[in-house]
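Engineer: Pasting a structure below so you can have a look.
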Amino acid sequence: MSALAHAPTGSGQPASPPPAARSGRHRLLPYLLLLPGAAWLFLFFVVPLVQLAAASLYDPSGSLSTGYTLTWAVGNYPTALQAYWPQFGRSFLFAGIALVLALLMGYPLAYAIAQKAGRWKNLLLVCVIAPMFTSFLVRTLAWKTILSDNGWLVGLLRDVHLLGPDGRLLATPIAVVLGLTYNFLPFLVLPLYASLERLDHRLLEAASDLYASPLRTFRRVTLPLSMPGLIAGTLLFFIPATGDYINAELLGTPNEYMIGNVIDSAFLVRLDYPQGAALSFLLMSAILAVVFGYLRRAGTEEVL
Amino acid sequence: MARDTPAGDLRLANLTKTFGAFTAVDSLNLTIPQGSFFALLGASGCGKTTTLRMVAGLERPTSGQVLLGDRDIARLRPHKRPVNTVFQSYALFPHLDIFENVAFGPRRRGIRAVDEQVRQMLSLVQLDGYGRRRPAQLSGGQQQRVALARALINQPQVLLLDEPLGALDLKLRRQMQIELKRIQTEVGITFVHVTHDQEEAMTMADTVAVMNAGRIEQLGPPAEIYEFPATAFVANFLGQSNLIAGDVFGRSGSDLLVTAHGARFSVPAGRSRTDHGPVFVGVRPEKLHLADTAVQVPAGRQHLEGTVTDASYVGVSTQYLLRTGWGSELSVFVANSGAQQRFAVGDRAVAYWDPRHAFLLGRRADEEDRTIPVLDEPIGASS
């Protein structure tokens, strides 16, 4: 969002001539460059969004066969929320737990690749990205095999008594959270890596020279300096993870369904467009609220 | 932790650091008296920065000791050492403002009320009122002073300076040299200053150690090293020298007699590093004077004849190159005091000097004259 907002004014270098001295063509150029992207966004984001907003206010008694009328039925929203608040809560809970797990794995991983990997850096980066070469769906199906009741993982966990003799992983909340963690991990690791890679090693030396223990150096220098990547990474992880429905669909049962599954079925199975649209908007505003709340707390000017 | 314990001399004992097969620092022995301004001078790659980093704790010695008073700190982690560093790149924390940068050390040591101390430090380095700015908003010279304040506020027993003025332009560098010297005198902390700039070392330090290939070639007050260098390396690293290859053939009273390229010279035995075998007769360019003919050379001086091959007017002096009969070129600096005659390229001239200004160094038998500065080594006042 910041890139878009700054693009036209991005000429603030001291070397550039004052704006008054520029010709009209030069002043228009940034906007001309924006045009294709803006047109694309308008046609395929703004227009459908308005359409979706309208659909969320259709008369709920309509159907595909009888047709819908726009009756400004604001009541669609409380109705939808009342019916599906558990799935809403579950979406944020699962995505939140998955985010914590991904942070615990992803931060050390990104740090190691950026600062310690040396000549293995590129290879390790490829390893992080490599799963993306296969489809999201196929990878999640593979997890189905890994977590299956007859799989080696469940067998191992039963042997060490972390799981009861009848315990299982597949079709439990654990499976869904693990799937989310795995599928969105690269989105967290890559921006974090980019931030940590720029971290000047000499600043860490300076901190230790100034009486900061390794832990304090991390807390006072490494962490604040990796904040932009951390924020970008958590958002790129959390937003799609919250709206995801594949993991719950393939690795869980209806008891693990998230809001994405409900929207999916509203549009494609139950053909209840007003409700699907209303749920979509509720999800969008909930995510926006969480993101803005988070950015205000994290308080970095670079992202907002 | 710095103030309470009495500081002591900083001693390096057999300090060695090897990287694989490369020996960066070769069993270094060095005592740096408490409260002195000490300069480690050397070309890049001579081991001076590695030495500094071992004192700071940023590099682990292969063997040897780093003693502060009687305490060996060689194996302490950097944050446990009463030593602070001003880094070459300054390494200011970009996410903190100037105030927080300076307060970083005291805060990590659990001091809460830092405001007054930070204010004092910023005023010591003449940056009052800059506390709320970010490092990126400051000029190079100002950043350098923040780095200094950030280190000094901790009142370390030893302050390490790693080429602290390297990134500044010449004028600012001069100013900061004087400033650093003033601050050192004011706070009385031991300063260990690493630099490749011989002028910087001589301007500021009480004691200079010239390092080469992991070893110290000579150590002493700047004037002493300059006037009577111990090795050919020092003679040409600290300033510039004309070194004429010759051999000792005898002694006359308190003088050693040398023959070089068919000419005979004498050097006082007290200014000789050896008394036999192959030697270099060394004379600094500014100790050489020029005359038209040998007749004009005052009594008691020694002289060489040659042809002027280059004359560079540099304001305070004119720098001549004089080609001798055997093909070497002597460097001669003549002060532009108005009294001296000017020479043009192609003129015949006689260079003469007082034997008490010459010095005698040992030479390997295969070494030739060294009269023109080697290009990759920093030279005299021109740097």
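Engineer: From B:143, B:65, which residue is touching a Lys or Arg at 6+ places or on another chain (Cβ under 9 Å) and either within 30 Å of residue B:26 (Cα to Cα) or modelled with pLDDT under 95 (or both)?
Structural biologist: Details: B:143 fails: touching a Lys or Arg at 6+ places or on another chain (Cβ under 9 Å).
Residue meeting the stated conditions: B:65.
Engineer: Here's a check for you: in the range B:40-66, which residue that is hydrophobic (A, V, I, L, M, F, W, C) and either in contact with a Pro (Cβ under 8 Å, 6 or more places away or on another chain) or within 14 Å of chain A (Cβ to nearest Cβ) (or both) is farthest from residue A:207 (Cα to Cα)?
Structural biologist: To start, the set of residues in the range B:40-66 that are hydrophobic (A, V, I, L, M, F, W, C) comprises B:40-41, B:43, B:46, B:52, B:54-56, B:58, B:66.
From what's left, either in contact with a Pro (Cβ under 8 Å, 6 or more places away or on another chain) or within 14 Å of chain A (Cβ to nearest Cβ) (or both): B:43, B:52, B:54-56, B:58.
Working: B:43: 28, B:52: 17, B:54: 16, B:55: 16, B:56: 12, B:58: 11 Å.
Within the range B:40-66, the match that is farthest from residue A:207 (Cα to Cα) is B:43.
Engineer: With the requirement that a residue be open to solvent by 30 Å² or more (accessible area, probe 1.4 Å) and not in a helix (DSSP H, G or I), what does the range A:202-229 give you? Let's see the steps before the verdict.
Structural biologist: The initial filter retains those residues of the range A:202-229 that are open to solvent by 30 Å² or more (accessible area, probe 1.4 Å), namely A:202, A:213-216, A:218-220, A:223-225, A:227-228.
Answer for the range A:202-229, where residues must be open to solvent by 30 Å² or more (accessible area, probe 1.4 Å) and not in a helix (DSSP H, G or I): just A:213.
Engineer: I'd like the full set of residues that are out of contact with any helix residue (DSSP H, G or I) (no Cβ under 6 Å at 6 or more places or on another chain) and assigned to a helix (DSSP H, G or I), limited to the range A:259-279.
Structural biologist: Within the range A:259-279, the subset out of contact with any helix residue (DSSP H, G or I) (no Cβ under 6 Å at 6 or more places or on another chain) is A:264-265, A:268-271.
Answer for the range A:259-279, where residues must be out of contact with any helix residue (DSSP H, G or I) (no Cβ under 6 Å at 6 or more places or on another chain) and assigned to a helix (DSSP H, G or I): A:264, A:265, A:268.
Engineer: Identify all residues within the range B:365-383 that are open to solvent by 40 Å² or more (accessible area, probe 1.4 Å) and either modelled with pLDDT of 85 or more or among the polar types (S, T, N, Q) (or both); write none if there are none. Give the steps one after another, and end with the answer.
Structural biologist: Let us first name the residues in the range B:365-383 that are open to solvent by 40 Å² or more (accessible area, probe 1.4 Å), namely B:365-366, B:368, B:370, B:372, B:374-377, B:379, B:381-383.
Correct list: B:382, B:383.
Engineer: Scan the range A:204-222 residue by residue and report those that are facing another protein chain (nearest Cβ under 10 Å) and closer than 21 Å to residue A:101 by Cα. Full working, then the answer.
Structural biologist: Within the range A:204-222, the subset facing another protein chain (nearest Cβ under 10 Å) is A:204-214, A:216-217, A:220-221.
Scanning the range A:204-222 gives no hits.
Engineer: For residue B:168, all conditions in the list (1) within 25 Å of the chain's Cα centre (by Cα); (2) surrounded by 22 or more Cβ atoms within 10 Å (Cβ to Cβ); (3) not in a helix (DSSP H, G or I); (4) not small (Gly, Ala, Ser) hold save one; what is the number of the exception?
Structural biologist: For residue B:168, the exception is condition (2).
Engineer: Going by the conditions given, is residue A:126 farther than 25 Å from residue A:262 by Cα, modelled with pLDDT of 90 or more and either over 19 Å from the mean Cα position of the chain (by Cα) or not in a helix (DSSP H, G or I) (or both)?
Structural biologist: yes
Engineer: Mind listing whichever residues of the range B:67-88 are outside any loop (DSSP other than H, G, I, E, B) and either of a type in the set (S, T, N, Q) or in contact with a Phe, Trp or Tyr (Cβ under 9 Å, 6 or more places away or on another chain) (or both)?
Structural biologist: Step one: filter the range B:67-88 for residues outside any loop (DSSP other than H, G, I, E, B), giving B:67-68, B:71-72, B:78-80, B:83-86.
B:78, B:79, B:80, B:84, B:85, listed by residue number.
Engineer: From the list B:219, B:257, B:243, B:238, exactly one residue is out of contact with any Ser or Thr (no Cβ under 8 Å at 6 or more places or on another chain) and of a type outside the set (Asp, Glu). Which is it?
Structural biologist: Values: B:219 fails: out of contact with any Ser or Thr (no Cβ under 8 Å at 6 or more places or on another chain); B:257 fails: out of contact with any Ser or Thr (no Cβ under 8 Å at 6 or more places or on another chain); B:243 fails: out of contact with any Ser or Thr (no Cβ under 8 Å at 6 or more places or on another chain).
One residue alone meets the criteria, B:238.
Engineer: For the range A:191-203, does any single residue satisfy the condition of being acidic (Asp, Glu), within 14 Å of another protein chain (Cβ to nearest Cβ) and touching a Pro at 6+ places or on another chain (Cβ under 8 Å)?
Structural biologist: Initially, the range A:191-203 is screened for residues acidic (Asp, Glu), giving A:197, A:200.
With the extra rule that they be within 14 Å of another protein chain (Cβ to nearest Cβ), the set shrinks to A:200.
In the following step, the residues that additionally are touching a Pro at 6+ places or on another chain (Cβ under 8 Å) were identified as none.
For the range A:191-203, residues acidic (Asp, Glu), within 14 Å of another protein chain (Cβ to nearest Cβ) and touching a Pro at 6+ places or on another chain (Cβ under 8 Å): absent.
Engineer: Among the residues of the range B:118-133, is any at pLDDT below 90 and assigned to a loop (DSSP other than H, G, I, E, B)?
Structural biologist: yes
Engineer: Kindly list, by first and then second residue, each pair from a residue in the range A:104-133 that is within 15 Å of residue A:222 (Cβ to Cβ) to a residue that is open to solvent by 40 Å² or more (accessible area, probe 1.4 Å) and part of a helix (DSSP H, G or I), limited to pairs with Cβ atoms under 7 Å and residues at least 6 apart or on different chains.
Structural biologist: Partner pairs satisfying both residue conditions: A:113/A:121; A:113/A:124; A:114/A:197.
Engineer: If you take the residues in the range B:240-264 that are open to solvent by less than 70 Å² (accessible area, probe 1.4 Å) and among the hydroxyl-bearing types (Ser, Thr, Tyr), which one is farthest from the chain's Cα centre (by Cα)?
Structural biologist: Checking each candidate, the answer is B:252.
Engineer: Moving on to the next point. Quick check on this structure: which one of B:20, B:8 is among the small types (Gly, Ala, Ser) and in contact (Cβ under 8 Å) with a residue 12 or more places away in the chain?
Structural biologist: B:8
Engineer: Can you find even one residue in the range B:134-142 that is within 12 Å of another protein chain (Cβ to nearest Cβ) and not in a loop (DSSP other than H, G, I, E, B)? Lay out the reasoning, then the answer.
Structural biologist: We begin by selecting, within the range B:134-142, every residue within 12 Å of another protein chain (Cβ to nearest Cβ); these are B:134-135.
Add one more test, that the residue is not in a loop (DSSP other than H, G, I, E, B), and what stays is B:135.
Yes, the range B:134-142 has at least one match.
Engineer: What number of residues in the range B:39-67 are surrounded by 20 or more Cβ atoms within 10 Å (Cβ to Cβ), more than 15 Å from residue B:201 (Cα to Cα) and charged (D, E, K, R)?
Structural biologist: Residues meeting the conditions: 1.
Engineer: Among the residues of the range B:89-107, is there at least one that is touching a Phe, Trp or Tyr at 6+ places or on another chain (Cβ under 6 Å), crowded, with 19+ Cβ neighbours inside 10 Å and within 10 Å of chain A (Cβ to nearest Cβ)? Walk me through how you get there before you give the answer.
Structural biologist: In the first step, residues of the range B:89-107 are kept if they are touching a Phe, Trp or Tyr at 6+ places or on another chain (Cβ under 6 Å); the result is B:98, B:101, B:105.
Now drop any that are not crowded, with 19+ Cβ neighbours inside 10 Å, which leaves B:98, B:101, B:105.
Checking which are within 10 Å of chain A (Cβ to nearest Cβ) leaves us with B:101, B:105.
Yes: the range B:89-107 contains one or more residues that are touching a Phe, Trp or Tyr at 6+ places or on another chain (Cβ under 6 Å), crowded, with 19+ Cβ neighbours inside 10 Å and within 10 Å of chain A (Cβ to nearest Cβ).
Engineer: Test residue B:190 against the criterion of being among the polar types (S, T, N, Q), open to solvent by 20 Å² or more (accessible area, probe 1.4 Å) and at pLDDT 90 or above, and give yes or no.
Structural biologist: Working: among the polar types (S, T, N, Q): yes; open to solvent by 20 Å² or more (accessible area, probe 1.4 Å): no; at pLDDT 90 or above: yes.
Considered against the rule, which asks whether it is among the polar types (S, T, N, Q), open to solvent by 20 Å² or more (accessible area, probe 1.4 Å) and at pLDDT 90 or above, residue B:190 comes out as no.
Engineer: Another question, then. Can you name the residue in the range A:68-96 that is part of a helix (DSSP H, G or I) and hydroxyl-bearing (Ser, Thr, Tyr) and, of all such residues, is surrounded by the fewest Cβ atoms within 10 Å (Cβ to Cβ)? Please lay out each step first, then the result.
Structural biologist: To start, the set of residues in the range A:68-96 that are part of a helix (DSSP H, G or I) comprises A:76-96.
Now drop any that are not hydroxyl-bearing (Ser, Thr, Tyr), which leaves A:77, A:79, A:84, A:91.
Working: A:77: 19, A:79: 15, A:84: 22, A:91: 26.
Top of the filtered list is A:79.
Engineer: I need the full set of residues from the range B:265-279 which are in contact with a strand residue (DSSP E or B) (Cβ under 7 Å, 6 or more places away or on another chain), open to solvent by less than 70 Å² (accessible area, probe 1.4 Å) and either more than 17 Å from residue B:363 (Cα to Cα) or touching a residue at least 24 places away in the same chain (Cβ under 8 Å) (or both), in order please. So that I can check it myself, show each step before the final result.
Structural biologist: In the first step, residues of the range B:265-279 are kept if they are in contact with a strand residue (DSSP E or B) (Cβ under 7 Å, 6 or more places away or on another chain); the result is B:265-269, B:271-279.
Among the residues that remain, those that are also open to solvent by less than 70 Å² (accessible area, probe 1.4 Å) are: B:265-269, B:271-272, B:274, B:277-279.
Within the range B:265-279, B:265, B:266, B:267, B:268, B:271, B:272, B:274, B:277, B:278, B:279 meet the criteria.
Engineer: Within the bounds of the range A:80-97, is there any residue that is basic (Lys, Arg) and over 26 Å from residue A:238 (Cβ atoms)?
Structural biologist: Narrowing the range A:80-97 to residues basic (Lys, Arg): A:90.
Narrowing the set further to residues that are over 26 Å from residue A:238 (Cβ atoms) leaves none.
No, that holds for no residue.
Engineer: Any idea which of (1) surrounded by fewer than 20 Cβ atoms within 10 Å (Cβ to Cβ); (2) under 27 Å from residue A:92 (Cβ atoms) is the one residue A:185 doesn't satisfy?
Structural biologist: Status for residue A:185: all satisfied but (1).
Engineer: Just give me the residues in the range A:281-304 being in contact (Cβ under 8 Å) with a residue 12 or more places away in the chain, open to solvent by less than 70 Å² (accessible area, probe 1.4 Å) and over 16 Å from the mean Cα position of the chain (by Cα), in sequence order. Outline the logic, then answer.
Structural biologist: Filtering the range A:281-304 down to residues in contact (Cβ under 8 Å) with a residue 12 or more places away in the chain leaves A:281-283, A:286-287, A:290-291, A:294-295, A:298, A:300, A:302-304.
Imposing the further condition that a residue be open to solvent by less than 70 Å² (accessible area, probe 1.4 Å) reduces the set to A:281-283, A:286-287, A:290-291, A:295, A:298, A:300, A:303.
Within the range A:281-304, A:281, A:282, A:298, A:300 qualify.
Engineer: Before we move on, is residue B:158 within 14 Å of chain A (Cβ to nearest Cβ) and either within 30 Å of residue B:269 (Cα to Cα) or at pLDDT 90 or above (or both)? Break it down into steps so the answer makes sense when it comes.
Structural biologist: Working: within 14 Å of chain A (Cβ to nearest Cβ): yes; either within 30 Å of residue B:269 (Cα to Cα) or at pLDDT 90 or above (or both): yes.
Spelling it out, residue B:158 is indeed within 14 Å of chain A (Cβ to nearest Cβ) and either within 30 Å of residue B:269 (Cα to Cα) or at pLDDT 90 or above (or both).
Engineer: Is it true that residue B:110 is away from chain A (no Cβ under 14 Å) and surrounded by fewer than 19 Cβ atoms within 10 Å (Cβ to Cβ)? Spell out how you get there, then give the answer.
Structural biologist: Details: away from chain A (no Cβ under 14 Å): no; surrounded by fewer than 19 Cβ atoms within 10 Å (Cβ to Cβ): yes.
Considered against the rule, which asks whether it is away from chain A (no Cβ under 14 Å) and surrounded by fewer than 19 Cβ atoms within 10 Å (Cβ to Cβ), residue B:110 comes out as no.
The values are calculated or read from the model by the stated rules, or taken from the named source; none is laboratory data. Everything numeric here is computed off the predicted structure, so don't read it as measured data. Note that we place each Cβ from the backbone using ideal geometry, even for glycine, and neighbour counts take in every protein chain shown. Accessible surface is based on the protein model in full, side chains and every heavy atom, while ligands, DNA and RNA are left aside. Shrake-Rupley method; radii C 1.70, N 1.55, O 1.52, S 1.80 Å.
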